[in-house]
1. Tell me whether the stretch B:39-56 contains one or more residues that are of a type in the set (D, E, K, R) and either within 27 Å of the chain's Cα centre (by Cα) or within 11 Å of another protein chain (Cβ to nearest Cβ) (or both).
2. Taking the condition of being within 10 Å of another protein chain (Cβ to nearest Cβ) and in a helix (DSSP H, G or I), how many residues in the stretch B:271-284 meet it?
3. Please identify the pairs in which a residue from the stretch A:243-264 that is closer than 18 Å to A:Leu167 by Cβ has its Cβ atom under 7 Å from the Cβ atom of a residue that is of a type in the set (Ser, Thr, Tyr) and at pLDDT below 95, counting only partners at least 6 apart or on another chain.
4. Of the conditions (1) away from chain A (no Cβ under 14 Å); (2) free of Cβ contacts under 8 Å to residues at least 40 places away in the same chain; (3) among the hydrophobic types (A, V, I, L, M, F, W, C); (4) under 30 Å from B:Ala215 (Cβ atoms), B:Ala132 satisfies every one except a single condition; which number is it?
5. Is the stretch B:307-316 home to any residue that is touching a residue at least 12 places away in the same chain (Cβ under 8 Å) and buried (at least 20 other Cβ atoms within 10 Å of the Cβ)?
6. Would you check if there is a residue in the stretch A:254-268 being part of a helix (DSSP H, G or I), within 13 Å of chain B (Cβ to nearest Cβ), crowded, with 22+ Cβ neighbours inside 10 Å and not hydrophobic (A, V, I, L, M, F, W, C)?
7. Just name the residue that is nearest to B:Ile13 (Cα to Cα) out of those in the stretch B:34-88 that are touching a strand residue (DSSP E or B) at 6+ places or on another chain (Cβ under 8 Å) and open to solvent by less than 40 Å² (accessible area, probe 1.4 Å).
8. Given the condition over 21 Å from the mean Cα position of the chain (by Cα) and open to solvent by 100 Å² or more (accessible area, probe 1.4 Å), answer yes or no: does some residue in the stretch A:54-73 qualify?
Amino acid sequence: MALTGENEITPDPVEPVVLPTVAAVVDGGAPAQDRKSVKAEQRRQLVRDPSFIIGALVLLFWILCALLPALLANYGPDEAVVTADGQFLARSGPDGTAWFGTDSAGRDVYSRVIYGARNVLTVAPIAAAAAVAAGAILGLLMGFFRGWVDELISRISEAVLSLPVILLAILVLVVFGTSKLVIILTVAALFTPVVARTVRSAVLSEAQLDYVTSAKLRGESSWFIMTREILPNITNVLVVEFTVRVGYAIFTVATLAFLGFTSDATAPDWGNDIASTYTLINANQWWPTIFPALAIASLVIAVNLIADSLDKALKS
Amino acid sequence: MARFLVRRLLLSIITLFILLVVVFALTRVFPQDVAKQLAGPFAPQQRVDDLNEKLGLLDPVSTQFGRLVGDVVTLDFGESYSQPGVKVVDLIRPALWNSAKLVMLALLITLPLSILGGIMAARRKDTRLDRAIVSLGLASASIPDFVSGVILQLLIGVKLGWLPATSSSVPADAGFFTSLRFILLPALAIVLVYFGYIARITRAGAIGVFDSDYARTAYMKGLSPWEVIKKHVLRNALQPTVAVTGTQMGYLFGGLVGLERVFNYPGLGNLILRAALAPDLPLLQTGVLTVAVIFMLATLSSDLLIAWMNPRARLAGGEN
């Protein structure tokens, strides 16, 4: 499958003649109006999908918490709850003063849950975006050039994919430490092989289509074909992949924090808070653990609902 | 078939070798004073030096890697760093057995339930039952295992008190059923994670089969729905289920670090976490390789099972 040979043909110097053809091919042959109406129809289907609406509302709520926690929280994340008669309130169950109860340091669990959204909602999307970017580049190279590039990256990906992400993440973080940047890069690197595999198969099926063949015959460079011809046609795949990866990144980052791999173990973070309180469940002090747990659950479910309905809408 | 097997085994060996290089690179090449961490922060320099000497941590990288490959080939992984005098294999074996018990129990509950759920959803596609199974599946499968772990621990272990809330305090004289009770709660947390996932995969596999000509023919020649499912649908619809179960084995054996921690369960994930924190390099490497080998054996057996279920996969297998 030596495709590179065809790219050595010098491009046609008569620019004005070539340009309209390029535009038509980029469109995939369909008139611009049709594509617009397809997009509009997809959007309409999406906003009518109940699972998308629920997912989006829950996600928006957590994004609001991440951006403006002080707006919703009753106390500061590290503030001790003091009752009206000046009493210090620690380990008390959910009630009117502290909606989700207080933890053993006397902090308001509800406010900590609100403040806890920020950390996971910055780390996870950045990691997912980096993974999708890196995976897209690798996938394009693999699917377009095939041959030894494909074989080499496939073998390495396979080795990485044969271990659970969480296990490899632990290995990497033990060596490189647990700063926020290292956590983001680790999660991104470990998700890259899966993304690359998905993008690769999308590129493989695109590369068989006429518009790619004609671009090759026109003598376009490989770089042009990959970035201007194939990439625009696989954006749907990338969008869905990004949403799915955000869900997994939340999953991974929360699990890592629970295991103690976190940039700041005392910062308000759902995984942190569960880690420092979960042993109290046996003493029936469930509130400092269960509320952050439900927060994680609601966020991952929301992201997965969005991913699922996006996938359905973009495939229809 | 023989060609397919040989090819698969060769690929597995290559993958294992790459993995060995990755794990070795992570644990040895990057600067990290293992001996100092093992000896403790206040240990005299002499003891750190002795430890370095004894463990061969100052040898050239190539010598150290050669030793690791030798260990793997002879299946003798030496002694643990954190528990001197104890063979690594003797630490891995009980943890592996514990993980295996948990995984077997979890799959024994998950697989029949989710296959039944998936087939029912496929048969009543787009009804309320189908939608309920699909959304429940999506929701439960996306929750991290340690989160469903703490929720089940509270509800069933503490509030209802039906099952022991942790798995570590099994009485020494516990019989089969008593020990079973101690691992049922973590197993149920796994069921919660996997029921939806496997049901969705089964549903997707079964929908195509229910729409196929041969299923319609089977109905038309007068077979009851149950007979159609048993004789025609299952064998074809379950192929994706088998494949997915195979690929999840690595995660089930080594990835449940969070869940094992919640229930204080002495499984493989827990052992590897402790080895990584120590850092106990031989234990860590052996643990990680064990998980990788389990993953490879599981995917290989699921491929073989699919080949047995589907002659077309059997014939095409050599080329794919």
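1. no
2. Looking only at that region, the number is 6.
3. Here the result reads A:Leu256/A:Thr262; A:Phe261/A:Thr178; A:Thr262/A:Thr178, each pair linking the stretch A:243-264 to a residue that is of a type in the set (Ser, Thr, Tyr) and at pLDDT below 95.
4. (1)
5. Within the stretch B:307-316, the subset touching a residue at least 12 places away in the same chain (Cβ under 8 Å) is B:307, B:309-310, B:313-314.
When the remaining residues are screened for being buried (at least 20 other Cβ atoms within 10 Å of the Cβ), the result is none.
Scanning the stretch B:307-316 turns up no residue that is touching a residue at least 12 places away in the same chain (Cβ under 8 Å) and buried (at least 20 other Cβ atoms within 10 Å of the Cβ).
6. Looking through the stretch A:254-268, at least one residue is part of a helix (DSSP H, G or I), within 13 Å of chain B (Cβ to nearest Cβ), crowded, with 22+ Cβ neighbours inside 10 Å and not hydrophobic (A, V, I, L, M, F, W, C).
7. Of the stretch B:34-88, the ones touching a strand residue (DSSP E or B) at 6+ places or on another chain (Cβ under 8 Å) are B:77-80, B:85-88.
Those still in the list that are open to solvent by less than 40 Å² (accessible area, probe 1.4 Å) too: B:77-78, B:80, B:88.
Numbers: B:Phe77: 18, B:Gly78: 22, B:Ser80: 25, B:Val88: 22 Å.
The selected residue is B:Phe77.
8. Yes; the residues of the stretch A:54-73 include at least one that is over 21 Å from the mean Cα position of the chain (by Cα) and open to solvent by 100 Å² or more (accessible area, probe 1.4 Å).
The values are calculated or read from the model by the stated rules, or taken from the named source; none is laboratory data. If you're wondering where the values come from, they're calculated on a predicted model, not measured in any experiment. As a convention, Cβ positions derive from the backbone with ideal geometry for all residues, glycine included, and neighbour counts pool all protein chains shown. Surface accessibility is based on the protein's heavy atoms, side chains included, excluding ligands, DNA and RNA. Shrake-Rupley method; radii C 1.70, N 1.55, O 1.52, S 1.80 Å.
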